[in-house]
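Reading through the structure tokens given below for one structure.
Derivation of every value follows stated rules applied to the coordinates shown; laboratory data play no part. Note that the structure is a prediction, hence the values are computed from the model and not measured. So basically every Cβ, Gly included, is an ideal-geometry build from the backbone, and we count neighbours across all protein chains shown.
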Amino acid sequence: MIQSMTGYGKNIIQLANKKITVEIKSLNSKNLDMNARVPGAYREKELEIRNRIATSLVRGKVDFNLFVEITGEETNTKVNEAVVNQYLSQLSKVVDGDKTELLKMAVRMPDALKTEREEINEDEFGQILNAVDSALVDINSYRSSEGEALRKDFEKRISNISALLEQVIEMDPQRVTSVKERLRKAVSELKEEVDENRFEQELIYYLEKYDITEEKVRLKNHLEYFNESLSSQRSNGKKLGFISQEIGREINTIGSKANFAPMQQLVVQMKDELEKIKEQALNVL
């Protein structure tokens, strides 16, 4: 079954002193294009997280966010007392101000605050990976739901093109007759005697150039192949894109050979349906 590349997944972990939120969003892209926002404390584990996401999502423009909110009393950021006191001493020599005001200035100076690097707790990171897996389950479920909607739309568009093709097939004898009549009328207007046998030979040659039998057969086969690919167990948007190109090639050839206004109108309608298929195929995994 086909899957969309559009999806969203989120999971929240509540620990003793912090709240960790995992969020994954994806949109369509030719390849896997991943952007990850990870706090510095977890930077060394970013590659492992990226590989986990890449294995599951395969393709798409993916945004991964890991948010950490401290909810307990402990914090890794502390006042660098020695540095702040040094700033206070220097500032008091420059300006004669209230100590509280000088302190406000001092804590905004470089290195006034220091952050102690926290070692990653493996149990905590294991919970983060579980949250990532849970978010991936959600996003893949979302992708499957979107894919089902796309499948129904594809089937509708392919059915419309098939119906238009049937009208083309029914109309073809009328088109051939019309072409013959136009040629005979053009010759008669020349008011010259024409060798009937030679005329018939030229007429057959002309009609062969505008014969669309092969295009009708190939177009029908391509439409059937598209529907078969929709039912495949593996979602393959690139394959659907390739088949769409082949469908477009046959439709264009029928249009260029038609030389018959009613048939060209049907071709325009087929092209309109195909453009909608191509747009949607870009969002298939």
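Points worth noting:
- Rounded tilt (10° steps) of 261-281 against the dominant C-alpha axis of the chain: 20 degrees
- Computed packing ranks the peptides 35-46, 55-66 as 55-66, 35-46, most packed first, by mean other Cβ atoms within 10 Å.
- For Y142, net neighbour charge (Lys/Arg +1, Asp/Glu -1) across residues whose Cβ lies under 12 Å away: 0
- Remark: spin-label model distance R182-E101 equals 9.2 nm, labels positioned 7 Å along the Cα→Cβ axis.
- Summary value for the chain: 27 percent relative contact order, contacts being C-alpha pairs under 8 angstrom separated by 6+ residues.
- Euclidean distance between Cα centres, the stretch 78-131 to the stretch 244-285, Å: 66 Å
- The count of lysine pairs in the stretch 1-116 whose Cα atoms are under 29 Å apart, excluding pairs fewer than 8 places apart on the same chain, comes to 29.
- Read-out Rg and Dmax of the Cα atoms in Å, derived from the coordinates shown; its label in (1) 21.1, 70; (2) 18.8, 61; (3) 34.3, 118: (3)
- Gyration tensor (alpha-carbon) shape descriptor, the stretch 148-281, a/c threshold 1.5: prolate
- Here the extension length gained between A41 and V68 equals 8.7 nm, from 0.36 nm per residue of separation less the Cα-Cα distance.
- The Cα center of the stretch 1-61 and the Cα center of the stretch 140-159 differ in position by 24 Å.
- The 3J(HN,Hα) values that the Karplus relation (6.51, -1.76, 1.60; θ = phi - 60°) gives for the stretch 143-153 are, in residue order, 4, 5, 5, 5, x, 5, 5, 5, 4, 5, 5 Hz. Gly and Pro appear as x.
- Straight-distance candidates among the lysines for linking to K257, with alpha-carbon spacing under 25 Å and chain neighbours fewer than 8 residues away dropped: K180, K185, K209, K216, K220, K271, K276, K278.
- Cα-based helix-to-principal-axis angle, 213-230 vs the chain, degrees rounded to 10: 30 degrees
- GNM top mover of S26, S162, S92 - the chain, alpha-carbon springs below 10 Å: S92
- Y210-I12 pseudo-label distance in nm [points 7 Å out on the Cα-to-Cβ vector]: 7.0 nm
- When the chain is treated as a Gaussian network with alpha carbon springs shorter than 10 Å, the biggest mean-square fluctuation among G248, G97, G126 belongs to G97.
- Listed residues I158, I128, I70, most fluctuating in the chain (Gaussian network, C-alpha, under 10 Å): I70
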